[in-house]
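Accompanying notes for the structure given below.
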């Protein structure tokens, strides 16, 4: 059981970091909308249009690492399996 908690914690860390990097590695807070510059076809003026997009930030990464740390910590309090013949 100890080993299971530690494996789950390791997978959570690796998965969270991989997802964070693949989704943009935003070093700010998590965003659910991002600005996109658009040029008006008629006037040629630039404007900002907001798009719905999930970009995980360091708070997402921190929460995942905190959860993995909790699982790894719990593994120290789980009793070891007794080996009986």
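Throughout, read-outs are computed from the coordinates displayed, never taken from laboratory work. What you see is a predicted model, and the numbers here were worked out from it, not measured in a lab. Glycine gets a Cβ as well: all are built from the backbone with ideal geometry, and neighbour counts include every protein chain shown.
For Cα pairs less than 8 Å apart in space and 6+ apart in sequence, what is the mean separation divided by the residue count of the chain, i.e. the relative contact order in percent? Don't skip to the answer; put the middle values down first.
Working: 103 pairs, mean separation 35.7, N = 85.
Taking the mean separation of contacting Cα pairs over the length of the chain, I get 42 percent.
Rank 47, 28, 67 by mean-square fluctuation in a GNM of the chain with C-alpha springs under 10 angstrom and give only the top-ranked residue.
Sorting by GNM fluctuation, first place goes to 47.
Calculated from DSSP H runs of 4 or more alone, at -39500 (n - 2.57) each and per residue, what is the 222 nm mean residue ellipticity of the chain, nearest 500? Don't skip to the end; give the middle numbers.
Working: 2 runs with 39 residues, N = 85.
Calculated mean residue ellipticity at 222 nm is -15500 deg cm²/dmol.
Among 39, 11, 58, determine the one that fluctuates most according to a GNM of the chain built with springs between C-alpha atoms less than 10 Å apart.
Looking only at 39, 11, 58, the biggest GNM fluctuation is shown by 39.
Which of these, 65, 12, 45, has the largest mean-square fluctuation under a Gaussian network model of the chain (Cα springs below 10 Å)?
Sorting by GNM fluctuation, first place goes to 45.
What nm value, rounded to one decimal, do you get for the distance between residue 77 and residue 63 when each label is placed 7 Å out toward the C-beta?
2.3
Can you tell me how segment 38-85 classifies by the Cα gyration tensor, rounded, prolate or oblate, using a/c under 1.5 as the rounded cut? The partial results should precede the final answer.
Values: a/c = 11.58, a/b = 5.47, b/c = 2.11.
The shape class here is prolate.
How large is the Rg to Rh ratio of the chain when both quantities use alpha carbon positions and Rh follows Kirkwood? Before the final figure, lay out the partial values.
Details: Rg = 21.3 Å, Rh = 15.9 Å.
Rg/Rh: 1.34.
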